[in-house]
Amino acid sequence: MTNTSIGGMALFSINPKGEEATIGIVYSSLALFIAPLYSVVIYVMTKDKELRSSPQYRLMNQINFLDFGQVICHVLSGIFIIFPQIQQRLPALVRIFGCTANSLWLALFPVMSVLAISRILVIRRVIQPKEIPLALKVVMVIGWMYSIGVWLWGCITQNFYLTGVGWSYDLSKMGAKTLSALEWYLCFPSLGLTYIAYLAIVIHVEMTRRDMTTNTNRRGQEIKIFLQATILFCYMSTLIILWHNAVDWFHMTSTTIAILNSAWIFFSYLNPLLLLAMNHTIRKKVMVIFKGYSREGFTGSVFFINLSKTRPPSITPG
């Protein structure tokens, strides 16, 4: 017997249940596939001085980090399923990673709301592009405090666990039922507020486009941004509804649970792919990395323009 075995089973013994082992491989593979793109996008948005100078792009990069953290947790989820002895020998560690993934998901909502509201304030010229009002900063602090509080409470009470091939709240733990309900009542209003803000931006642009110098470009950009927001809203809403009603609506087999969890993993694909598809500035800067061009020669910008003569700057949602 080696030091990595217990009761005749090695720590990295492959799951004897072939279906579960396959699902674990799928989880880890799906998450690993998108990880390199996140690395590039986060690197560009962290290192580029122009992007760092904008509060809106910094908020977008917070979303990137939150999504990338979930990707890492999804990779580990697959590993825990492939090698179930890890769950047996290190149950507290496994549950901590589950709480981490869940808390990172929850942290997305206040950041997305603040990003959307700040953007409409810029479009309406209530604030300058490089400003974040105190009220929105307070909302951000409250959102982060809530997410961190949920994470700490989860780590202490071990209220999020891996059962079979899926994550779930352990309702036998103190406060788990309340936290599960809060997700429903807090996430949906936040998501709705975010979407309404982007809808208001499109309506505002349509109503005022005659007064803008660059009507066609402005309208096209806002349609892209609204499309991005619509895709995120629909996907996230569907994901929340399915997760909270799955037990009542579906026969919960390993395959059903795997589909639900894979939908969560696929959500991690949306943010970087939509950023590259809809945001011209980020796409150009990322292509500099991929193509090996000198960044010194890139001149594209959406922020450093004369607001008194042209449209407000374009800032896409995360």
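The values are calculated or read from the model by the stated rules, or taken from the named source; none is laboratory data. Owing to the predicted nature of the structure, the values given are computational and were not obtained by experimental measurement. When we count neighbours, we look across all protein chains shown, and the Cβ atoms used for this are built from the backbone with ideal geometry, even at glycine.
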**Q.** Filter result for ILE81 (at pLDDT 95 or above, among the aliphatic types (A, V, I, L, M), more than 22 Å from LEU270 (Cβ to Cβ) and part of a helix (DSSP H, G or I))
**A.** yes
(Q) Looking at segment 34-59, I want the residues that are under 22 Å from ILE120 (Cβ atoms) and without any contact (Cβ under 8 Å) to a residue 60 or more places away in the chain and have a partner that is in a helix (DSSP H, G or I) and basic (Lys, Arg) with Cβ atoms under 8 Å, at least 6 apart or on another chain. Which pairs are those? (A) ARG58/ARG52
Q) Right, LEU121: buried (at least 23 other Cβ atoms within 10 Å of the Cβ), at pLDDT below 95, part of a helix (DSSP H, G or I) and on the phi < 0 side of the Ramachandran plot or not? A) no
Q) Condition test on MET145, is it modelled with pLDDT of 90 or more, under 18 Å from the mean Cα position of the chain (by Cα) and surrounded by fewer than 14 Cβ atoms within 10 Å (Cβ to Cβ)? A) yes
Q | Where GLN158 falls short, out of the listed (1) under 21 Å from TRP243 (Cα atoms); (2) at pLDDT below 90; (3) polar (S, T, N, Q) | A | (2)
Q) Looking at (1) buried (at least 20 other Cβ atoms within 10 Å of the Cβ); (2) not in a helix (DSSP H, G or I), can you tell me which one MET60 breaks? A) (2)
Q. If you check ILE72, ILE63, ILE81, which single one turns out to be in contact with an Asp or Glu (Cβ under 6 Å, 6 or more places away or on another chain) and under 30 Å from TYR161 (Cβ atoms)?
A. ILE81
Q) Considering only segment 77-127, how many residues are under 19 Å from MET60 (Cα atoms), over 19 Å from the mean Cα position of the chain (by Cα) and in contact (Cβ under 8 Å) with a residue 60 or more places away in the chain? A) 3
(Q) Condition (residue is assigned to a loop (DSSP other than H, G, I, E, B) and among the β-branched types (Val, Ile, Thr)) applied to segment 97-118: is it met by at least one residue? (A) no
Q.
Taking the criterion of being in contact (Cβ under 8 Å) with a residue 40 or more places away in the chain, buried (at least 18 other Cβ atoms within 10 Å of the Cβ), assigned to a strand (DSSP E or B) and in contact with a Leu (Cβ under 8 Å, 6 or more places away or on another chain), would at least one residue in segment 165-181 satisfy it?
A. yes
